[in-house]
Every structure is written in structure tokens, then in C-alpha cells.
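Below is one structure; the comments refer to it alone.
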Amino acid sequence: MTLRAIILGLVSAVAIACGGYLCGLLAIGKIPVGHFPVFLFGLLFVALVAGNPLLHLIRPSWRLSGRELALVLGMSLVACSLPSDGLMRYWTQSLLMPRVLAGKDVGLKNTRVLDYVPHVLLVDAVEKDPAAVRWLEGADAKDRPISLAQVPWDVWRGPAIAWGGMTILLAMMVICVALSVHRQWAYSERLRYPIAEFADTILTDRPGRALGSVFGNPLFWVPFLLLTLMRVMHGAQQYTQRVPNFSLGLDLSGFQNVLPTLLKTPGGEHLTHLSIIPAVVAITFFLGSDIGLSLGLLNVISVAILYTLMQSGVSLGGDANAGGLLQWQNFGAFLGYGLLIAYVGRRYYYLVVRSAVGWRHSEVPAYAAWACRLGLLAAGALIVVFIRLGLAWPLAILTLVIIVLLFIVMARINAECGIFFYSPLWRLPGVMVGLFGLTAIGPSSLVLIGLISLVLIADPFECLIPYVTNALKIGDGQGIKPARSGASMAGAYVLALVAVIVVALWADYNFGSGMGGETPVVKGAFVNAQKVIKELNLTGHLAQSELLTPWQRVTSMRPDGQFLTAVALGAVALLVLGQMRLKFPWWPLHPVILLGLGVSQLQLLSASCLLGWMIKTGIMRFGGGATYQKTKIIMIGVIAGELVGATVWLVTNWILYGATGMSWVWYVLIRPY
């Protein structure tokens, strides 16, 4: 690792975190969208084909090596988990709005639910800084702009330190988990890591040459130029009708009259309007055939199952925080996938834990043992914090176990299946309520669990760990030791977190966060606590519920019957599919198909995945392995063209905003033609 690479990585991480938050706040584009950030990889491409050749021309030693750029990329990737739909999405609102709503919302006022929240976790600006409430909701713009010094830091200091400390502990634990499983996933199981493979391919150097090896291949440049042009033209259509309109999708809307009820099922619209996204087609090309086929058939199977349930009178309604059939089935699939991951790598994981506690084994690298030690310490510290805040110790432990399960599966489906655009249907509060019942948990625990889910997890759509696992794999490909990658990412994350909190508060006071639009999300963290307070007040058992000992909360569990059924079905079905895949090489389906049941993001991508699988299958059957390897370069060009074309319009939108003060259109990779 060179000093200039570390400095560039730190600067890039801070710029992405702070710039990404500002772009999202001003609605002029999102820097990270999902776990394949368009702008970051587009910028990497520009650095490789323009920046590096220029540096090489001035002085060859100034050129950034693939190893240096991989380090910068890894440090930048972890920062992508902070702005946009990541950690900071609800951060300001979560800390301020509950006490504001407590004076306005009848339900919160009558149940006095915020009396159960430790004072240090929420900002009390209603009394100490009333102007903050008006400013952050977008009023009183006449008093702006304000400087950093004018932000009322005293009001925010306590909650920011409390939540910031928990966030850092969770992030350190996540990075350690990724380091602990890295060797098993990357080398023993040989997962595909399609995003990392793309990055590694374009980063590979040619000794003494200004451009990397892939850029000397014409098979790369033809699809790259074609896809860049297509993306630029598609973006231009948002501005003017003079650009010819084109579509890569297939319109089958004529079938709507034939099967109207079926097509009204969630995901049914993607059966009649098949959207093709070339980058998704290309990523699927790198996956195992069973994974590609499963993702390709996912929407058809999902619609068929949901339609059958609806016709049978089964309600598919529900809420992520409160739970429901689909939400709990999705959690069951996560649980099954977690068990499958543990089963496949059981020997290595056992050796890692054994090495961490003192009995070092030769198969476990030193970095994995140390990562496991540090991860266990971070996890233990988090559990202690949860308990000190008021969670009973069984609930505190289970809360962290479920969070780890969520992150492990999110990382796995990204590394194994290339899924970069996905958010689970379930949330932590809904699972805890389904498992324990309202009374056994009690209002104070439900409030804390709701806040932990809202602030620390936010939306897993852009959670930290898939960025980390990809960064480790990219660094491996360029010769960076995992321990160094992990340390650099940890440092970049902490610096970017501190910077984005400061910038976010300053920006919210200057531009208004518009947090009123997030009120339902913030209130959702307290909906379960309100229910239990109302129920226990009616029966006169509220005080008794609060006095339950930690063990009594376990013994008084009353799991929801539908919760147990849905979780069991999801977990057992996934384990059966997983075992079939492990035992029979001919088995055509991957268990990831159950994680996508009713998930709109994967239903949108399904047609593109099916096309990618068909292309790969055809090439392997008629061209063989040599043709497949050559075609990989074409697919790398397709992905790069999509990234650069989307980046062009993202930057164009920023320029237009700076010139006109208006946001026109922001562009993302996932947007179909």
C-alpha cells in the first residue's frame, strides 16, 4: 500500500459519503444505487482510460497501479453504505422526529411511547432548539445559509455520539465477519463474485503500458462504445423528443385481457413488459448456470405461487415492521440460507473460531483468526450496549444474531449470485414480534428494537457487508493482503462516517431535510410498542410486563402461529433446494429463487437474467469453453458501456443543476430501456 493510495482512498471515501448525501438531499442524483455503484465504477473507468495514460505520459512512475486503484476502490466502496439509501437515509429524521411527532400524533401522545426511550438516543430539539424543527422540515429559509459553527451541535452531540459509537461497533463487526468468511467463500467454495471479477479485469496491468490488458482487446471496445451510445441516447430522450426512441424490452400487453387476474398479482406487470438491462444480462453471463436459470425463472415462479395463494384466499398483506405471510416467509428463506451457508463451510468456520480463542490451525490464515477475535469483541460490546439501554439479555443477543444473519445472506447472494439490487421484505421488529409476541417483549424493548432497526440497519438495500466482500476479492486479485484491505476499509469508514454526520446536519439546516415525507417510516419504529401498550393497558398488565425478568421474557414467549408456519416453510423449502443442489449435479435450480419470492427488485431483473442464461448456455453448447472465455471480454465491455453511459447523464444532471438550479433527470444503471 502506498501513501498516495491511502490518501486518495480517504479523500474519495469522504467525498462519496458527503457528496452522495448532498446529491440525494437535493434530488439531483444518487451516487450509490444498490451494491454496484454506477458513479464509482464509471469514475474508475475514466481513471483507467484517461487519467492513467495522462500520468504515464508525464512520468511513467506517476501512473497508478492496479493495486493502488484497488485499494482506493475498496475504501470508496465502504463509504457507499452511508449516503443515499444507506445508513444516513433516515438518520436525521430518526433522531429528531420522534419527539416532534410525540406532540402532534394522537397515538404517540396517548400511549406515551417515547417515555420508554432512553433520553440519550433522541434529540430533544422541541424544547432546546425549536428553530431546528422548522428548519429541518423546510421552513424559515430566510435565515439561511448558516455556517458549520451555527449548527446547534449541543443539541445533537449526545445522540450522535451514542448512535455513532454503535454504528462503528457494528461496522467493525461486519468487516471482521467478511474477513472471517473470505477464504472459505473465495477459495474453498470458489464463489463467482461477478462485480469483483469485472473490477479485477479492468484493473489488470500490462507491464510498461499506459492501458491495462483488457483495453488492448477489440472485443472490449465494440460493445463498450455501442452500449455507451445507447445509454447516452436513452438519457437524451428525457430532455428532447428529437432523439429516436428505442426499446430493448418486449411488450406483451396484449395478454392482459387473456389473464387479467394473474397479471394483477405482484410481479405480473413484468410478465407483460419484459425489460432488458444489458448490464444485468452481462453479469448473469458470469454466474453458474443454475443461478442464472433460477434468477431468470424467478418472476414466473413467484407470480404463479402468489397467484395460487391469492386464489386460495390467503392474505398477502403485511408490513415489514409488523410482519405478515410474505415477510415471514422471506425471513424463513434467509434463515434457511444462513443454515445452508453454515453447513457447507462448517469445518472452516469451526477452525476459525477455535483459532480465535487460542488453538491456531494451519488452514486458518492469521488475518481470519484476528478478525474473528475482534469481531467477537465488537459483538460483545454491542450486546452490552443494548443491555445497558434496556434490552433484556436474551433479546439483545437474539437481536444481534438476526442482524448478523441479515448481513451474511446479503453478502452471500451478492458474491454468489451477483445480486446488487435487492432489499429483504422483512425487518427486525416484525420478526421479534412474530417470535415472542407483544406481551413477552414489552413496550420498552419493542421501542429499542424498532430504533435499532431504523437507525443502525436503515434499508439493507445498501448495507455495508457486500461492499466489503467485493473489496476484499478485488484486493486479492491485485495482490493486496486481506488484513491490509480490512484495516484500510475500517479507517475509511470511520472517517467518512464522522464527515457525513457533520455535513448531513449542516446540509439539513441549510436546505431542509424534507423529513415530513419520512414520517410514516419513523412512526413505523413505534407501531409495535403502541400496540402492546394499548393491549396491556386494557388488561391492566402493563406494569407487570415491564417487571418481567430476562428469563421470564423467554418463558412467556407466545409465537404467532402464522409466523412459525411461514418461517418453517421458507426455511425448509430453501434447505431442500440447497440439498438437492449439493447432492445432484444435474439439479437445475438454486435456492436463491426462494429469497426472491415477491421481491419487486428481482422480479424486474428476471427477464434480463433469463436472457443472460440463454446466451451463456448457447455459447457453452455450440462454442465450448474457449468461446465462452472470449465472450467474457464482450460482456465486460457491455457492463463498462452501461456504467459510463449512466455516469455521463449523472454528471450532466449535476452540471445542469449548477447552471439552472433545477434537477432534470438522474440516471442509474438499473433503469431499463
### Message
Of everything in the stretch 15-37, what is within 16 Å of residue 75 (Cα to Cα) and either under 18 Å from the mean Cα position of the chain (by Cα) or crowded, with 22+ Cβ neighbours inside 10 Å (or both)? Give them in sequence order.
### Response
16, 17, 18, 20, 31, 32, 35, 36, 37
### Summary
Scanning the stretch 303-334 residue by residue, those open to solvent by 30 Å² or more (accessible area, probe 1.4 Å) and at positive phi turn out to be 313, 318
### Message
Going residue by residue through the stretch 62-83, is there one that turns out to be β-branched (Val, Ile, Thr), crowded, with 21+ Cβ neighbours inside 10 Å and in a helix (DSSP H, G or I)?
### Response
yes
### helices (runs of 4 or more DSSP H) contained entirely in the stretch 493-558, each with at least 1 residues that are among the aromatic types (Phe, Trp, Tyr) and at pLDDT 75 or above
550-555
## Note on the structure
Of 587, 613, 664, the only residue that is at pLDDT below 90, open to solvent by 30 Å² or more (accessible area, probe 1.4 Å) and more than 20 Å from the chain's Cα centre (by Cα) is 664
### Message
Take residue 421 and tell me if it is in contact (Cβ under 8 Å) with a residue 12 or more places away in the chain, in a helix (DSSP H, G or I) and open to solvent by 10 Å² or more (accessible area, probe 1.4 Å).
### Response
no
### Task
Would you please list the contacts, defined by Cβ atoms under 6 Å and residues six or more apart or on different chains, that run from a residue in the stretch 276-302 that is open to solvent by less than 10 Å² (accessible area, probe 1.4 Å) to a residue that is among the β-branched types (Val, Ile, Thr)?
279/639; 282/638; 282/639; 292/284; 294/592; 294/593; 298/593
### Message
Condition (residue is among the charged types (D, E, K, R), part of a helix (DSSP H, G or I) and crowded, with 20+ Cβ neighbours inside 10 Å) applied to the stretch 426-434: is it met by at least one residue?
### Response
no
### Task
Identify all residues within the stretch 1-14 that are hydrophobic (A, V, I, L, M, F, W, C), touching a Leu at 6+ places or on another chain (Cβ under 9 Å), open to solvent by 20 Å² or more (accessible area, probe 1.4 Å) and in a helix (DSSP H, G or I); write none if there are none.
6, 8, 10, 14
### Query
Has the stretch 457-480 got at least one residue that is of a type in the set (A, V, I, L, M, F, W, C), more than 20 Å from the chain's Cα centre (by Cα) and assigned to a helix (DSSP H, G or I)?
no
### Task
Would you mind stating whether residue 358 is open to solvent by 10 Å² or more (accessible area, probe 1.4 Å), farther than 15 Å from residue 175 by Cβ and of a type outside the set (D, E, K, R)?
yes
### Message
Just to be sure before I move on: is residue 597 in contact with a Gly (Cβ under 9 Å, 6 or more places away or on another chain), part of a loop (DSSP other than H, G, I, E, B), in contact (Cβ under 8 Å) with a residue 40 or more places away in the chain and over 13 Å from residue 336 (Cα atoms) in the structure I sent?
### Response
yes
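The values are calculated or read from the model by the stated rules, or taken from the named source; none is laboratory data. All figures in this text were calculated on a predicted structure; none of them were measured in a lab. Every residue, glycine as well, gets a Cβ built from its backbone with ideal geometry; the counts of neighbours run over all protein chains shown. Ligands, DNA and RNA are stripped out before the accessible areas are found, and what is left, the full protein with its side chains, is counted by its heavy atoms. Shrake-Rupley method; radii C 1.70, N 1.55, O 1.52, S 1.80 Å.
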